[in-house]
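Everything below concerns the one structure shown next.
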């Protein structure tokens, strides 16, 4: 009898199915001590699950490589640095499997963020929606599809494009390395292409801090939801610095539970512009914006 929960079993099966047949059957022999004979991949997977004491024990097996755990988590929208060690990935997977399904759902693939209309009532009544949950689900969705465009991660690119933005969307992009640079773009196409270039051409990986100290959300009386998030910027195994990003979201239509991006403000501080060791000492930086600061974006 497997010691795994239903969610752990489902996740471990997906991870095991990404192994080669040779690796899978060798792992089956190790886990079952060669006492179980199987005739198919499906039977091998089930044998491994059945004879594993717990999910952690299974994930720690040498033949379950860190790359397959990383790819699984990325597909689930769990954002982690690509240089994270295997024990960190295992911890994230176990936490993910223990986390209950949120009341606000993002359906994938989607052209806009989808939220449960039962928790976000028509008219933007703040009492009808948990905006912090909305912001968290939006960030999971946004960074999952954006990071999937990075070819160095080996992920299948998800549907990215101007359809996620309002036609008059704006992007303000400021980055500080040895000196400060500023760029500004207007229009869904240009905004979409510039953000795409960051990950596809510059091979950047944006790792947001979705904890309460890294994510804040406020809503205006007129239906604009402002989401601010802090995080770290990576290329391959190197941490290049930290970022703060502010989004303005507006529902696609009255009574609709779909949201599109009205504006994006992105500030990146490069490693050489930080005090020595700052990005390493604070891998998931806290947001400098207070909720009251975000109200300036209502205008």
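If the viscosity is 0.692 mPa s and the temperature 37 °C, what Stokes-Einstein diffusion coefficient in µm²/s follows for region 1-62 when Rh is the Kirkwood radius over Cα pairs?
The diffusion coefficient I find is 290 µm²/s.
Multiply the residue gap between residue 62 and residue 292 by 0.36 nm, knock off their C-alpha separation, and tell me the result in nm, one decimal place.
Between residue 62 and residue 292, full extension yields an extra 77.9 nm.
Residue 179 to residue 258: extension gain in nm, 0.36 nm per residue of separation minus the Cα-Cα distance?
24.5 nm
Got a sec? How would 232, 99 order by Cβ neighbour count within 10 Å, fewest to most?
Ordered from fewest to most neighbouring Cβ atoms within 10 Å, 232, 99 come out as 99, 232.
R0 = 25 Å: FRET efficiency of residue 168 with residue 99, Cβ-based, nearest 0.05?
Efficiency, from the Cβ-Cβ distance: 0.10.
Given labels modelled 7 Å from the Cα in the Cβ direction, how far is it in nm from residue 83 to residue 34?
Here the modelled spin labels are 4.2 nm apart.
Taken together, the values in this text are just the output of simple stated rules run on the coordinates, not laboratory data. Source: prediction; values computed, not measured. Neighbour counts are summed over all protein chains in view; Cβ atoms, including those assigned to glycine, are modelled from backbone coordinates with ideal geometry.
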